[in-house]
Amino acid sequence: MSTFDVIARRIILEADIEKHGIMPEYVLDNWLVSRYKRVLDKLPYGAITARGDAIVNTTPSYNTGTVSVSQNSQIVTGVGTTFDVSMIGMYIRFGVTRGWYQIIDSADATHLLLDNPFVDATRSGSAFYIAQRFYEMPDGIRWIIDAKNVTRAMPLTKTHRQKMDEMFPDRVATPGVPLWWCPVGWNQINRRRQIEIYPFANTYFRLEFSGYSSVDEPQLDSAPLVDIDDRVLMEGGLADAFNFKASRGESIEMVRAWLDVSRRHENIYNDLLDDIAKRDSSDAPQPRVRMLIQKRDVIGIVDPLINAEQEIYNRPPSFG
């Protein structure tokens, strides 16, 4: 089977987009990764790996009383507060300051210890806000598909971290009912996926996440395609390539012509996706799609192909 790189070169030739520059191979590799994900989304996941569900019970935010904290100090002193050890690991924000600090200890009901010294000017009698910013998925959920608020019988919308930062840069809106979730990365110690849920909960909510245990999204530019006809990604890539040519904008007639060609390839691509889904559902419950990657060392030598599921599990975790 071909790799993404091989298919990208074929698309560059067929769509004649090399003259447009901006590293077309890189652009096409990214398009093809996106198309590959859509193929995986189209397949019945039960034939790839077991599905699991995880329940997350949100931790209510807390802002009762006032606090004082000195510049360059890690100690927070409260008045009218009821701090306790359940707040260890949560995050605190002071008044209108933008920084969040993680709570690493709670000596008693009126004292907290921060992970880092307070960098702003000393605050006295300040309002504050404590929230559980991040949650961890259990081992059974490593690729999250969807999420819903069981308590309110409503779905949660997935968003990217960048989009979340654009919508709510400081995450300081009034807490309420969780509506969005986004991937954060991986816990460096136990390799569990971390997510952020926003708005921060103002009470206990029961959230259900569905996903798969041993597959991760293929962020792999050189992945070969196993049990996927090259033509599927060729058609999807050509649709993107001609759409890209239209975006370069020559005459209005040429723009319309390239868009028409792009739509034709997109229709063929979607028909092929439907065919894959039908074919897959009629087969024995064996994986039709296995993600493989080429592993390169520091000097660029390609190691033998290895199973991506195992590679993703074994590689050092990192925050996204």
Answer with yes or no whether ILE145 is surrounded by 13 or more Cβ atoms within 10 Å (Cβ to Cβ) and under 18 Å from ILE195 (Cα atoms).
yes
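Among the listed residues THR64, THR81, THR122, THR77, identify the single one that is over 26 Å from TRP186 (Cα atoms) and under 35 Å from the mean Cα position of the chain (by Cα). Outline the logic, then answer.
Numbers: THR81 fails: under 35 Å from the mean Cα position of the chain (by Cα); THR122 fails: under 35 Å from the mean Cα position of the chain (by Cα); THR77 fails: under 35 Å from the mean Cα position of the chain (by Cα).
Matching residue, one of THR64, THR81, THR122, THR77: THR64.
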Hey, does the stretch 1-24 have a residue that's surrounded by 15 or more Cβ atoms within 10 Å (Cβ to Cβ), among the charged types (D, E, K, R) and at pLDDT below 75?
no
Any chance you could count how many residues in the stretch 177-227 are modelled with pLDDT under 80 and in a strand (DSSP E or B)?
5
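Among the listed residues TYR129, TYR135, identify the single one that is in a strand (DSSP E or B) and more than 15 Å from TRP100 (Cα to Cα). Working first, answer last.
On the way: TYR129 fails: more than 15 Å from TRP100 (Cα to Cα).
Going through TYR129, TYR135 in turn, just one is in a strand (DSSP E or B) and more than 15 Å from TRP100 (Cα to Cα): TYR135.
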Residue tally, condition exposed (fewer than 13 other Cβ atoms within 10 Å of the Cβ), in contact (Cβ under 8 Å) with a residue 12 or more places away in the chain and part of a loop (DSSP other than H, G, I, E, B), over the stretch 78-108:
4
Number of positions in the stretch 166-176 that are under 25 Å from ARG152 (Cα atoms) and either of a type in the set (D, E, K, R) or not in a loop (DSSP other than H, G, I, E, B) (or both)
3
LYS278 meets each of (1) part of a helix (DSSP H, G or I); (2) at pLDDT 85 or above; (3) farther than 16 Å from TRP31 by Cα with one exception, condition (2)
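Being among the small types (Gly, Ala, Ser) and exposed (fewer than 14 other Cβ atoms within 10 Å of the Cβ) is the filter here, so list the residues in the stretch 114-142 that pass it.
Initially, the stretch 114-142 is screened for residues among the small types (Gly, Ala, Ser), giving 121, 124-127, 131, 140.
The answer is ALA121, SER124, GLY125, ALA127.
The values are calculated or read from the model by the stated rules, or taken from the named source; none is laboratory data. Just so we're clear, the structure is a prediction, and the values are computed from it rather than from any experiment. Backbone-built Cβ (ideal geometry, glycine too); neighbour counts: all protein chains shown.
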